[in-house]
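The values are calculated or read from the model by the stated rules, or taken from the named source; none is laboratory data. Keep in mind that what you see is a predicted model, and the values were worked out from it rather than measured. In this analysis, Cβ positions are derived from the backbone assuming ideal geometry, glycine residues included, and neighbour counts consider all displayed protein chains. Surface areas here come from the heavy atoms of the whole protein model, side chains and all, with no ligands, DNA or RNA. Shrake-Rupley method; radii C 1.70, N 1.55, O 1.52, S 1.80 Å.
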Amino acid sequence: MKLILTALTCVAVLALSADAQDLGPAFRKVGDGIYVQSSREVNSTVGIVLTSEGVVLIDTGQTLVDSRQVAAALRTLTPLPVRFVINTEVHPDHTSGNFVFSPPAVVINHAGAADAMRKADNPGRFANAAPEVKAAADGYRLVTPHIEYHEKMTLQVGERTFELLRLRNAHSEADTAVWLPRERVLFSASVALPKSLNNVRPFVTIADMLAATRMLRALNPDIVVPGHGSPGTTRIFDDSETYYTLLVERVGAMVKAGQSRAQIEKELRMPEYGDWAYQDRMPTNIDAAYRAVTQK
Ligand SMILES: [Zn+2]
């Protein structure tokens with residue numbers, strides 16, 4: 001009898017610790033009961049955190065195909081429901097899939113998220129999407145946050161603590177990093193992306209981006225899961241800071257030499273970062289650096 005029980009316990013433990021391989025190539029295990037889904041290096045990441053009281057998701061997929069893939073993986077990982085979805089920003093490549101998990105999930109992001117999502121929502125965008133995306137969009141509706149916090153919020157789910165930290169003017173109208181202090185895992189949103197230029201929007205400032213990456217680095221996480229790209233370490237923040245510092249320095253020197261904004265955009269080169277993805281975003285980076293230098 002004792003042997004049978006031991007055998008049954010082993011089966012149960014094995015079932016609970018399904019490793020990322022079983023879930024497919026888009027999944028990685030980054031900690032005990034913590035997984036990350038992303039089907040391409042530049043795609044947005046979905047954080048999957050299992051707790052004794054259910055699942056907490058951090059974002060809901062680059063496309064709705066990813067959202068469905070995460071939903072299928074959850075069925076093999078746990079019988080428990082998704083309790084909360086934390087959005088790290090407002091853009092559709094992080095939030096369109098909210099409807100796949102909510103209800104029952106309660107969606108959370110910083111104040112301003114719902115407004116920005118309503119303004120930008122375009123349900124017609126799926127009409128010309130690839131057939132598999134169109135199929136995955138069946139039943140689509142915009143699900144905006146049920147809870148909008150201010151500056152900081154602590155969420156306790158089962159044995160886990162989630163600290164939600166606002167990143168001000170760092171990427172979108174509402175950006176949230178999620179810190180698991182006991183596990184030392186940080187979901188760092190989209191302020192700094194590994195080996196990738198960012199789309200720096202007109203309301204985002206380099207000073208605020210640097211303030212955000214410094215605050216995140218000071219948490220001293222073991223694992224950093226960026227909003228896009230592979231999980232890594234605080235090196236992601238160091239690289240971003242070095243990049244923006246050099247960019248501001250170069251733009252500053254060109255402004256000082258009397259060059260116009262248009263001339264700078266045409267002539268500025270950052271060859272050290274030529275292998276970073278999304279070189280077409282450089283004009284938005286130069287714009288931010290120009291604003292930083294001229295205070296406009
Ligand atoms: Zn974004």
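Values as computed for the structure displayed
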read-out	value
Rg/Rg_ref, segment 199-242, where Rg_ref = 2.2 N^0.38 Å and atoms are Cα	1.17
Accessible surface ranking that places the most exposed of 195, 119 first, with a 1.4 angstrom probe	119, 195
Entries of 29/152; 119/152; 29/195; 266/296; 152/266; 29/119 with Cα pairs more than 29 Å apart	152/266; 29/119
Prolate/oblate/rounded label for segment 34-148 (Cα gyration tensor, a/c 1.5)	oblate
Taking the C-alpha atoms of segment 241-296, convex hull volume expressed per residue in Å³	77 Å³
Highest to lowest packing among 133-142, 103-112, scored as the average C-beta count within 10 Å	103-112, 133-142
Value of D in µm² per second that Stokes-Einstein yields for the chain, Kirkwood Rh from Cα pairs, at 25 °C (0.890 mPa s)	121 µm²/s
In Hz, Karplus ³J(HN,Hα) per residue of segment 153-168 (6.51, -1.76, 1.60; θ = phi - 60°; x = Gly, Pro)	8, 10, 10, 10, 10, x, 8, 10, 10, 10, 9, 9, 10, 6, 10, 7
Sparsely packed GluC sites (Glu not before Pro) within segment 147-218, loop by DSSP, other Cβ within 10 Å at most 15	151, 159
With every protein chain in place, the chain: carbon and sulfur % of accessible area (1.4 Å)	56 percent
Percent antiparallel among DSSP beta bridges (both partners in the chain, rounded to 5)	65 percent
Span per principal axis, largest first, for the Cα atoms of segment 149-255 (Å)	54, 27, 21
